[in-house]
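Below is one structure; the comments refer to it alone.
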Amino acid sequence: MNAFFDLVIGFSNWLWGTPMLLLLAGGGIFLTFRLGFFQFIHLGYIWKQTFGKMFQKSEDKDAISPFQAATAALASTIGASNIVGVPVAIAFGGPGAVFWMWVIALIGSASKFSEIVLGIKYREKNEAGEFAGGPTYYLAKGFKNKKLGKFLGMWFAFFLMIELIPSIATQAVSAVQTAGTIGIPPMVTGVGMALIVFIVVFGGIKRITQVTEKLVPVMALLYIVGALVIIFANITHLPGVIALIVKSAFSPVAATGGFAGSTVALALRWGAARGTYSNEAGMGTAPIAHATAETDHPVRQAFWGIFEITVDTLMVCSVTAFVVLITGMWETVPAAEAASIPALAFGKMFGPAGGIIVTVSILLFVLSTVIVLVFYGEKQAEFLFGYKFAKAWKYVYVVSILLGVFGGIEFLYQFLDFFLAMIILPNMLALIVMSKEVVELKNEFFTSEKYYLKDIKKKAQ
C-alpha cells in the first residue's frame, strides 16, 4: 500500500510540475493573445455585465438566469478549496504556492471564458427538457475529426465522473476536520452533510440553482468579512507577508515549527494544482453549469467566468492566504492537519466564536460545492450511459461524502490531482484547437448592434 501511495505522490508531483504548467499557463497565454487581451481591455464592461446585473430577474420564471448559473458555478469554484485548499497548498508547497495560484488565475481567465463560450454554443436539451453542455459536447460535436472528438469527449466524461469521487471526499474531509475544532464528531458531520446533499440533488438543476443562489453570497460574505477583520487587525504585517509570498515562489523555504520546508518545484506544483482546482479555469467543469443559463449570446454568459475567477482566487483565496500567513499558524500546525488551520487562525483572533464562523462557512461552502459537483457527475454519466444510469450514479457521490470521515487529506489530494490532470488534458486541447470559433463569437459580440454596441449606446443615452 505504501508503494502505491508513493507511486501516486511521485507521478502526481511530476505531472503538476512542468507538464501541467506548460499546458495551463501556456494554453492560457495563447488564448489571451488570440483573444486580443480582451479580459483586461474590457474589464470595466465585463464587471458591469456581471456584478452590475447580479440581481436582475429572468423574464422566464422556469428558466435558469445568468446569475443562477453563475452562482451554481461559483458554488463549485468557491468551496472548501478556497478555505482549506489554500492552507494545504501552503503546508505542502510553502507561501510561494500562493503566488503561483495568482498567476494561474490571471492567465486562466481566457481559458475559462473560452470553455464557457464553447459550452453554450454546443449545448443541447436532454430528455427532461434541460440544457446540457460542456467539454463532452463541444469535443464530440466541434472537432473536425469526429472519431477523435468523440473519443476525447468520452475520455473527459469518464475521468470527470471518477474524479468527482475524491473531489467530494476532499471537500468532506475539510468540513470534518474543521468541525472537529469545535467538538463535532466526524461521523455526525459526514452523515449530516450526506443527508442534506441527498435531499437537494434529487430535486434537479432548478432546486440546485435555487439553493446555490442563496447560499453562495451568504457564505462568501460571512467568511470574507471575518478574514478582513483579521487582516486589518494585523495590517502592519501584510507587506511582509506579500514579500514572503513573492520571494518563496522563486526560492526554497526552510523548515520551521510544524512546516517541513519546501522547494520552488513544490511551490509551483501545489500552487498550480490548488489554483486550478479552486477557480476551475481549464478544467471544463464550469461550462457544465453555465450551459444551463438563459442568455442572448454565449459571450455574455462567459463574462461570468471571468467574474468567478476574480471572486474566487483573487479575493477569497487571497484573504485566506493572508489570514494563514499573517497569524503564523502555517508554521505551527502539521501539514497533515492543514484543514484545521483557518479555524485555528480565526479562533486566535475571535476566540471560540472564530472557530464557529469558519466551521459554518466551511459547511456552507462544502454543501454548495458538493451539490454542484454531483450535478456535474450526473451530466457525465448521462453523456456516457444515458439518463437512467445518471440518476442512479448520484448515489455513489452521496456515499463518497463519507470517505471524508476516514480519508487522509494528503492521499485524497494526490489522488484527486491525478484525475484532475486527466480531465484538463482533453479540455485544454479543445480550447486551443477550437480557439478560432471562440474568437469569431467574441468578435461577433463586440461588433454587433444587438450586443456590445447596443449596450454602449444605452449607456451614452
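With respect to the cross-link table entries K48/K391; K247/K348; K121/K457; K379/K454, which display a Cα-Cα separation exceeding 29 Å? Violating the 29 Å limit, Cα to Cα: K48/K391; K379/K454. Restricting the GluC sites (Glu not before Pro) of the stretch 229-314 to loop positions (DSSP other than H, G, I, E, B) with no more than 16 neighbouring Cβ atoms within 10 Å leaves E294. The slack in the chain from N443 to H237, taken as 0.36 nm per residue of separation less the alpha-carbon distance, amounts to 69.6 nm. Once you have a ≥ b ≥ c as the square roots of the Cα gyration tensor eigenvalues for the stretch 313-372, tell me rounded if a/c is under 1.5, and otherwise prolate or oblate according to whether a/b is larger than b/c. Taking the square roots of the gyration eigenvalues as a ≥ b ≥ c, the stretch 313-372 is prolate. Per-residue 3J(HN,Hα) values for the stretch 419-433, derived from phi via the Karplus relation 6.51 cos²θ - 1.76 cosθ + 1.60 with θ = phi - 60°, read 5, 4, 5, 5, 8, 5, 3, x, 5, 5, 4, 4, 4, 6, 5 Hz in sequence order (x marks Gly and Pro).
Cβ crowding within 10 Å, taken as a proxy for footprinting-reagent exposure, orders M283, M329 from fewest neighbours to most as M329, M283. A helix-only calculation puts the chain at -23500 deg cm²/dmol for mean residue ellipticity at 222 nm, using -39500 (n - 2.57) for each DSSP H run of at least four residues, averaged over all residues.
Residues whose amide H lies under 5 Å from that of A132, counting only those 5 or more places away or on a different chain, are E124, K125, N126; hydrogens are built 1.01 Å from N in the peptide plane.
Summing +1 for each Lys or Arg and -1 for each Asp or Glu among the other residues whose beta-carbon sits under 15 angstrom from that of I41 gives +3. For the chain, the C-alpha radius of gyration divided by 2.2 N^0.38 Å, with N the number of residues, is 0.92. In the chain the longest region clear of chymotrypsin sites (Phe, Trp or Tyr not before Pro) that are loop-assigned by DSSP and have at most 15 other C-beta atoms within 10 Å covers 251-461. The modelled label-to-label distance between D6 and K436, using points 7 Å beyond Cα along the C-beta direction, is 5.0 nm.
Between E130 and T263, the contour length at 0.36 nm per residue exceeds the alpha carbon distance by 43.1 nm. Couplings for the stretch 14-29, taken from phi via the Karplus curve 6.51 cos²θ - 1.76 cosθ + 1.60 with θ = phi - 60°, read 5, 4, 8, x, 4, x, 6, 5, 4, 6, 6, 5, x, x, x, 5 Hz in order; Gly and Pro are left as x.
Bear in mind that the values in this text are calculations on the coordinates, not laboratory data. Keep in mind that this is a model prediction, so the values were computed, not measured. Counting neighbours? That spans all protein chains shown, and the Cβs are built from the backbone with ideal geometry, glycine included.
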